[in-house]
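The values are calculated or read from the model by the stated rules, or taken from the named source; none is laboratory data. Bear in mind the structure is a predicted one, so any value in this text is a computation, not a measurement. Virtual Cβ from ideal backbone geometry, glycine too; neighbours counted across all protein chains shown. Ligands, DNA and RNA are stripped out before the accessible areas are found, and what is left, the full protein with its side chains, is counted by its heavy atoms. Shrake-Rupley method; radii C 1.70, N 1.55, O 1.52, S 1.80 Å.
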There are 2 protein chains.
Amino acid sequence: MNSPRLRCAAGPLAALALLCLMPSPVKADEGMWTYDHPPTKQLQERFGFTPSQAWLDHLRLSSVNMYASASFVSADGLILTNHHVTLGYVQRLSTPEHNYVRDGFYAKTQAEELPMPGASISVVESIEDVTARVNAAVKPGATLAQAQEQREKAAAAIQAECLKSTGLKGEVVSLFGGSKRALYRYKEYTDVRLVFTPELAAAFFGGDDDNFTYPRYDLDMSFVRAYENGKPAHVENFLHANPAGAADGDLVFVSGNPGRTDRLMTYAMLEYQRDVVYPSMLQRLWARRTLLKAYGQQGPEQARRARTVLYFIENSVKAREGEFRGLNDAALMKKKLAQEVAVRAAVAKDPAMASYGKAWTELDEAMAWAKAHDKDRRFKMGLDDRGLVGKALMLVRYGQELAKPDAERLSGFHEAELADVVRSLTASGPIYKDLEQVTLTEEIKSIVAGLGPEDPYVKTMLDGMAPEALVSKAMAGTRLDEAAFRKELLKDKGKNVAKSRDPLILLALRIEPTIRQTRDLFREHVDAVETAGLTQVAKAEFAVYGDAVYPDATGTLRLAFGKVAGYPFATTLVPPFTTYYGLFDRACGFGQKGDFAVPPRAAANRAALDLATPLNLVCTADITGGNSGSPLVDKEGRLVGLVFDGNMESHPNTFVYEETQARCVAVDIRGMLEALRKLYGAGPLADELVKGAR
Amino acid sequence: MNSPRLRCAAGPLAALALLCLMPSPVKADEGMWTYDHPPTKQLQERFGFTPSQAWLDHLRLSSVNMYASASFVSADGLILTNHHVTLGYVQRLSTPEHNYVRDGFYAKTQAEELPMPGASISVVESIEDVTARVNAAVKPGATLAQAQEQREKAAAAIQAECLKSTGLKGEVVSLFGGSKRALYRYKEYTDVRLVFTPELAAAFFGGDDDNFTYPRYDLDMSFVRAYENGKPAHVENFLHANPAGAADGDLVFVSGNPGRTDRLMTYAMLEYQRDVVYPSMLQRLWARRTLLKAYGQQGPEQARRARTVLYFIENSVKAREGEFRGLNDAALMKKKLAQEVAVRAAVAKDPAMASYGKAWTELDEAMAWAKAHDKDRRFKMGLDDRGLVGKALMLVRYGQELAKPDAERLSGFHEAELADVVRSLTASGPIYKDLEQVTLTEEIKSIVAGLGPEDPYVKTMLDGMAPEALVSKAMAGTRLDEAAFRKELLKDKGKNVAKSRDPLILLALRIEPTIRQTRDLFREHVDAVETAGLTQVAKAEFAVYGDAVYPDATGTLRLAFGKVAGYPFATTLVPPFTTYYGLFDRACGFGQKGDFAVPPRAAANRAALDLATPLNLVCTADITGGNSGSPLVDKEGRLVGLVFDGNMESHPNTFVYEETQARCVAVDIRGMLEALRKLYGAGPLADELVKGAR
């Protein structure tokens, strides 16, 4: 591939080019690589393995996007993903008579497979570099903002053309801070049915406590099936299971859709995250958690209402705390700084790269500006996008923006984007006014405390009332919790929103001007500089390293690699595998309390289980949120596991990859097959997995 | 008891006394209490339990001192302790035909019980406060050093008198920095025989890696038997096993011999430990480990020679690193400082306590002096007490001191103490010259590096040679590795030592004057101030808290209490119990490699085992090194476990007790009984444990 060493081998001219190319900074099992630029050199160097194009195509076409990740595992459209990926569907499919969350579900026959309304999956059929086409749309003399808009329009045109000419959904993905654009063409399946899901107690053994930890003992798996024309979809590319699994040290691959990393961020940006963004974000999360826990303790109904939100908050708290630990890890930050110093030194030496040099300085300045204006960000934008008041703000904006010509509207309110706005505003999920009241009061009180009672924005927001009175009056009077009412307000391009006397709309109308002004200032001084600056930083990294670098995660399909490996922890070692023995040990050790009770089916069928069967395993592959449900694949392209988590040490990988302790956590194929056969009476499903067909 | 609250309840005068008494600083399951001042108030307040005097006497008389800790567990003199406590004896009892370390040992009949040469055990028959008697020996006008010597002589006289009048061995124990003295009277048993020990693989599963960690899965137990007149000793007091074990949250007790804590140390002393002592100590340990590992890699014989030393070094490294983490734990140090500030404030307020106040200032000054002279401590005393050169130094001192009248000799060389010196110098353990050469060369090189080649001490030490040449010549020429040669030198009060031409003796003669001078300076400026100062600090704490405080560990019998409890760790929870399931899980997770292989008997008899049987457990009781082998006892005084370790979070407890994560680790009685019956065919031994007699 196009790596420094190969360039060098290509001839004297290439060797000359090497003078300005430094060795790849990627020294470990690092990287979420795109399928059009796989880590061939790294794989050869580290593992003596070179995947063929057919190997890569097969894995790509077996990989499934279903918001999170998944894979085809039989010719009959069978798809494997995580229990927690399908959980929302399973909740909606459950009834008082059939609690599939509590009891699990298995369709013994095809007829019993349960349609999952709203579910769709897609597969990346092809990838095309469209950087030149997108950039060609930028007119000479365009400002930064104009150029951005021209690129977006060009991308939209490419996507539309893709659908028209191929019937495939197109997505133009912005990579490397926007310095590369690639068209991903997707084949979609919109008829997806539930085949198997275990009970929550087995899928999420250990609950919140064990979330993001390892050793772990979870059967976090679900099977769904793609249908076409009312019949199971026939697919050419799917992963054959390797019932023998992987061994310690084996090379393995993860193919999935990592959501977001920020490894392109400069050192100054990370310092800003560490010193400004994370401390206030964590404070807010901790406060919300405290609030929700107190609310949940008021009674069983409140506990039920708080539960799902609390789950997401606990999950966020653990992830953000882990990232924050990384930002405060001197060794990690030193590593990041060293990488940056190396690139900047190379840039400084080469006059051809002079134009990149100022990016870091400009980003430094943007961070300083952001730091100086952080009170505004935290408090003046504090109510944006929050619960019911967030809906009120969106309605207000809807009315204001739709009164303008399309070209002049805020991003998000262009005609082509309106469907999403309307869908979000008319969704009929339950809204609990008492919970909204508690959280909004707290938010407003923290804004008053942050800006002080004499601040003009605070005065405008409170309109002469105390926070408690303001919110309780607003909650008593608002009808925004009714989807029908919100729908009504959207009518006639939302022109009635501004006239509404709904108290939450009135609050939104009072605060929106300041929110908008603050956001505009941050867009100008921070966001725009970041976008432009990171594009330059990415270009500089290309110039220095060639494309032996990979782009930050963007929620699109990536290939990661690594080895099955335990790790040192505290003063001992963590094993690469766990087994069913461990499930019982941890349950007994806690006296089978709460989330640590042995799942009922495991308890009932213990004698049938081979307890030594590997249940979970860890590997060094580079993953992040969004990789949930990714297949874990061996060198032969066979399924050996199912990714469902990262350990807590992997959170700092958002910013800097580190493999001493960071691990990707997966369900072992052997543990899955053992469970299907011995615990769930799902032998036929296990057979389909092993045979690759029903 | 004599606690503040009870004093208050005792009447108006006592209530007045309370004005200068503050609430007990002991707020948790803290304390290694002496049996004559048990934590009655704490037990009542925290657990609603008040042990009777009979309960206390029974536990004390069932507790056995065998250098570490142990307990009587049957009327027939059966004693339970740790495998690692008996390991040295078991090694010596092993032969090429019978490798009891590798295979374990079980005496099916009494006749098969194996005498353990050199082993003796003792039981505390009574405790008497002799503070007044010891202090009465101090003559008016005595200097600090003279007073110290007068007290030591008085203690020796009390001990001698004890033996004479009761036939019991007496030990005058110095408590609370010497401000209290207690006479412990011991009944001794000198005929001790090995009854049962499991194979090393079961006792030490997880090896060095799992040492000081939890969750843990070790059968670290051994049974020995005390004999009298060639027959099993009949004892009135022994612990009955409770085959049901303890439950999560249960109150439990530990009765054993904790070796040393430094909780009386002032904040300044801890800072000195943190900033000066520990960094250099750890450097030295790490360097020695590196050296020994390299030496061990030279061949199988070198590996064998290095193994035991390496085990102790790894053990020390983990413990010292853990303590160092504690010293660097801001929260822990803050807690210590707050305790000290409270005592000093109380002292400052009360004119009656004025005399104590200067202790802290004097200790501050002593620490400053020690810090300023740390190079001397590290490098000029660097060869003291080290291997063969340490023996050479001791021989030189022997010759010099024995030429003086007894009263003028260095401590350690008084007539009454000579037996120990001679025993140590004539012990015939193997000495490996090549290993000595490697370590001594490294020590000398680090001294040269630390003081610089022009330092007069360095020049005297090297005598014109390079370190390598000096050491290799000395090792080639010395005969000090021969016990007979050392014995020869001891003859005639060691008067020939000074004339010896042995190269290591010559080196010792060159360096001893500087070592002695440096040690004398440190004794004067640091040790003496510490001894006097800590006595004052202890007195101040008594004055402030009454005797609701406990003394630092001194290797003598103590009672600790706590509850069975898991703990939060990283982002999840650690369970209070582990089970046999976990042993198999951890073994399988590591692919049964090395110290993580399932112990052979467990592998062979797996089907017979009830895998859910608790194997190890943790509790909050306050323990430290020396507690190994202590019985874990429930409220009814029954045996529920066997203490064998502290987790790594417990190391900082050397300086400040903290119970969030610090735990005492024990083998569960249920795990022991299950193993004896199902793995070792030792049903009769299990029966003796349960019945309390053979």
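If the condition is being crowded, with 17+ Cβ neighbours inside 10 Å, farther than 20 Å from A:V574 by Cα and aliphatic (A, V, I, L, M), then the stretch A:207-249 contributes A:M221, A:V224, A:A226, A:A233, A:V235, A:L239, A:A241. Considering the stretch B:265-305, and only residues there that are in contact with an Asp or Glu (Cβ under 9 Å, 6 or more places away or on another chain) and among the small types (G, A, S), the residue that is most open to solvent (accessible area, probe 1.4 Å) turns out to be B:A287. Can you confirm whether A:E674 is over 23 Å from the mean Cα position of the chain (by Cα) and either closer than 16 Å to A:A247 by Cα or buried (at least 21 other Cβ atoms within 10 Å of the Cβ) (or both)? Spelling it out, A:E674 is indeed over 23 Å from the mean Cα position of the chain (by Cα) and either closer than 16 Å to A:A247 by Cα or buried (at least 21 other Cβ atoms within 10 Å of the Cβ) (or both). Checking A:T213, A:T190 one by one, the residue that is within 14 Å of another protein chain (Cβ to nearest Cβ) and among the hydroxyl-bearing types (S, T, Y) is A:T213 and no other. Screening B:F204 on (1) surrounded by fewer than 21 Cβ atoms within 10 Å (Cβ to Cβ); (2) within 14 Å of chain A (Cβ to nearest Cβ) shows it passes everything except condition (1).
Taking strands (runs of 3 or more DSSP E) as the structural unit, those lying wholly within the stretch A:526-614 and holding at least 1 residues that are over 30 Å from the mean Cα position of the chain (by Cα) and within 14 Å of another protein chain (Cβ to nearest Cβ) correspond to A:572-574. Pairing each residue of the stretch B:144-173 that is of a type in the set (D, E) with any residue that is open to solvent by less than 60 Å² (accessible area, probe 1.4 Å), provided the two are 6+ apart or on different chains, yields C-beta distances under 6 Å for B:E171/B:Y184. Among the residues of the stretch A:407-421, those identified as open to solvent by 50 Å² or more (accessible area, probe 1.4 Å) and assigned to a helix (DSSP H, G or I) are A:A407, A:E408, A:E415, A:A416, A:E417, A:A419, A:D420. Among the residues of the stretch A:323-333, at least one is in contact (Cβ under 8 Å) with a residue 60 or more places away in the chain, away from chain B (no Cβ under 14 Å), in a helix (DSSP H, G or I) and surrounded by fewer than 20 Cβ atoms within 10 Å (Cβ to Cβ). Taken as a whole, the condition of being touching a Ser or Thr at 6+ places or on another chain (Cβ under 9 Å) and either within 12 Å of chain B (Cβ to nearest Cβ) or of a type in the set (V, I, T) (or both) applies to A:V633. For the stretch B:265-297, a residue qualifies if it is modelled with pLDDT under 95 and not in a helix (DSSP H, G or I), and exactly one does: B:Q297. On the given criteria, is A:V347 without any contact (Cβ under 8 Å) to a residue 60 or more places away in the chain and open to solvent by less than 60 Å² (accessible area, probe 1.4 Å)? Criteria not met by A:V347.
Which condition from (1) under 30 Å from A:R606 (Cβ atoms); (2) touching an Asp or Glu at 6+ places or on another chain (Cβ under 9 Å); (3) buried (at least 24 other Cβ atoms within 10 Å of the Cβ) is the one that B:A602 breaks? In the conditions (1) under 30 Å from A:R606 (Cβ atoms); (2) touching an Asp or Glu at 6+ places or on another chain (Cβ under 9 Å); (3) buried (at least 24 other Cβ atoms within 10 Å of the Cβ), B:A602 misses (2) alone.
Taking first residues from the stretch B:66-80 that are open to solvent by 10 Å² or more (accessible area, probe 1.4 Å) and partners that are part of a loop (DSSP other than H, G, I, E, B) and among the basic types (K, R), the Cβ contacts under 9 Å between residues at least 6 apart in sequence or on separate chains come to B:A75/B:R694; B:D76/B:R694. The residues on offer are B:E512, B:E468, B:E442, and the sole one that is surrounded by fewer than 16 Cβ atoms within 10 Å (Cβ to Cβ) and acidic (D, E) is B:E468.
The condition of being within 28 Å of B:D634 (Cα to Cα) and modelled with pLDDT of 95 or more holds for only one of B:D585, B:D610, that being B:D610.
Yes/no matrix, rows are residues, columns are (1) at pLDDT below 90; (2) part of a loop (DSSP other than H, G, I, E, B); (3) open to solvent by less than 30 Å² (accessible area, probe 1.4 Å); (4) more than 22 Å from B:E541 (Cβ to Cβ):
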site: B:K139; (1), (2), (3), (4): no, yes, no, yes
site: B:Q148; (1), (2), (3), (4): yes, no, no, no
site: B:C162; (1), (2), (3), (4): no, no, yes, yes
site: B:V172; (1), (2), (3), (4): no, no, yes, no
site: B:R181; (1), (2), (3), (4): no, no, yes, no
site: B:Y186; (1), (2), (3), (4): no, no, yes, yes
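Looking only at the stretch A:52-84, residues that are in contact with a Ser or Thr (Cβ under 6 Å, 6 or more places away or on another chain), closer than 13 Å to A:V224 by Cα, among the hydrophobic types (A, V, I, L, M, F, W, C) and not in a strand (DSSP E or B) come to 0 in all.
Restricted to the stretch A:521-559, and to residues that are among the polar types (S, T, N, Q) and at pLDDT 90 or above, which residue is least open to solvent (accessible area, probe 1.4 Å)? Checking each candidate, the answer is A:T556.
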